[in-house]
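Shown next, in C-alpha cells, is the structure this report addresses.
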Amino acid sequence: MPSSAPKVANNPRQEAMAVLAQAPGDRLSELWAAWPTQPSFHKVRGPETGLVMVRGRAGGGGNPFNLGEATVTRATVRLETGEVGHAYCLGRDGNKAVIAACFDALLQRDPEGIEAKVLAPLRVEQATADQQLQDETAATKVDFFTMVRGDD
C-alpha cells in the first residue's frame, strides 16, 4: 500500500528502514530469496507484535490528540558477522519484520549492494504505486465553478 511517509535526507539508514517498512512482505521475501549470500543470523528479539498509540493533529498543526491504536511488529537480528539489525513494521507479519531486520544488518556491512539490489527497486515500485494512486485520485476530481449572471 503506498504511503506518503516523509523523506529523510540526513539519515540514510532511517530512510532505508522507511522503504523496507513500506514494502509488502511477499516482495521482501522475494528479495531475500534472491540475495546471493544469505548470512546466518540469530533472532535477538521477536518477532513481537504489539500496539502503538497513533497521534494526530487537527489541521496538521493543532493540538495533538490520540487517534487510535495500530498493530506493529518488531524484530532484532544479529548476523554471524556481528552486525545487528532492527525493524518495525505495521501489521502482524513477523516474517517481514525479520527479513527487514536482516536487510538492516546487511546495510551496515554492504550498503552499496543493499542499495542496488533491494532499496532502489523498492523505491521505484513505491513511486509507481504512489503515482498510480495519485492518477486514480485525480480522475475523480470535480471542478466547481460559479457562473455569474449579467445585470441585463
Review point. What FRET efficiency do you get for residue 116 and residue 95 if R0 is 22 Å and r is their Cβ-Cβ distance, rounded to the nearest 0.05?
Key: 0.40
Check your understanding: What residues of region 12-55 lie in the reach of a label at residue 84, counting those whose backbone N is under 15 Å from a point 7 Å from the Cα along Cα→Cβ?
Key -> 42-46
Review point. Using the alpha-carbon atoms, what tilt in degrees (0 to 90, nearest 10) does helix 120-138 show relative to the longest principal axis of the chain?
Key: 20 degrees
Exercise for review: Using the 2.2 N^0.38 Å rule of thumb for compact globular proteins, work out how the chain stacks up: its C-alpha Rg over that value, please.
Suggested key: 1.38
**Study point:** Förster-model FRET efficiency, 41 Å R0, residue 40 and residue 132, C-beta, rounded to 0.05
**Key:** 0.60
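Just so you know, all these numbers are worked out from the coordinates, no wet-lab data involved. These numbers come from a predicted model, not from an experiment. Note that we place each Cβ from the backbone using ideal geometry, even for glycine, and neighbour counts take in every protein chain shown.
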